[in-house]
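Read through the structure below, which is laid out as structure tokens, and then see the notes.
Each reported figure results from applying straightforward, stated rules to the coordinates on display, with no laboratory input. All of these numbers come straight from a predicted model, not from anything done at the bench. Positions of Cβ are backbone-derived with ideal geometry, glycine not excepted, and every protein chain shown enters the neighbour counts.
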Amino acid sequence: MGITGRVRRLSALACLAILSGCVTTGGVNRLEPLTVSLSASPAGKGLERGAVRKAVLAELKALDMTPTGGTSDWKAGKNANGSVSPGPPFEVSGQVCRRLTHRITQRDQQQTHIETACRSEDGVWAPVGS
């Protein structure tokens, strides 16, 4: 492997290290609560692991950064894609919450997953019901 290949490999490893830091907060996996909820839902059943991860990252982006009325889209290969639309933020017991509408298409069949998530003090979004 030449110098260019080593630089690319090191750059890729650095990017992965940076991105892995984005999904943990004080040792808590920020993806886990939403991953469990989505995977257990009728809309999420049958999604491959990589597709679930992309879908949950889109949910986090919608919760953290997408304005009401906007969408956060994702795609996993040819057979799975989706869009997440967050509702306006509201407060419950001192926590910021948002309702999500997640439209998921698998093998040309669309389903909708609707849930409300609230952000805990440690910054982790967790579903509170649908």
For this session: Rank these for me by crowding, H113, H102, going from fewest to most other beta carbons within 10 Å.
Result: H113, H102
Problem set entry | Inter-probe distance in nm under a simple model that places probes 7 Å from Cα toward Cβ, at D64 and N79 | 3.0
Problem set entry | Estimated inter-spin distance, N29 and K45, nm [label 7 Å along Cα→Cβ] | 2.2
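Full extension from Q109 to V96: what is 0.36 nm times the residue separation minus their Cα-Cα distance, to one decimal in nm?
1.4 nm
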For this session: Starting from the Cα of R53, step 7 Å along the direction of its Cβ; do the same at V36; then give the gap between the two resulting points in nm.
Result: 2.0
For this session: Take I104, I114 and order them by how many other Cβ atoms sit within 10 Å, fewest up front.
Result: I114, I104
For this session: Name the lysines eligible as straight-distance cross-link partners of K61: C-alpha to C-alpha under 17 Å, and not fewer than 8 places from it in the same chain.
Result: K75
Problem set entry | Per-residue Cβ neighbour rank within 10 angstrom, fewest leading, S93, S39 | S93, S39
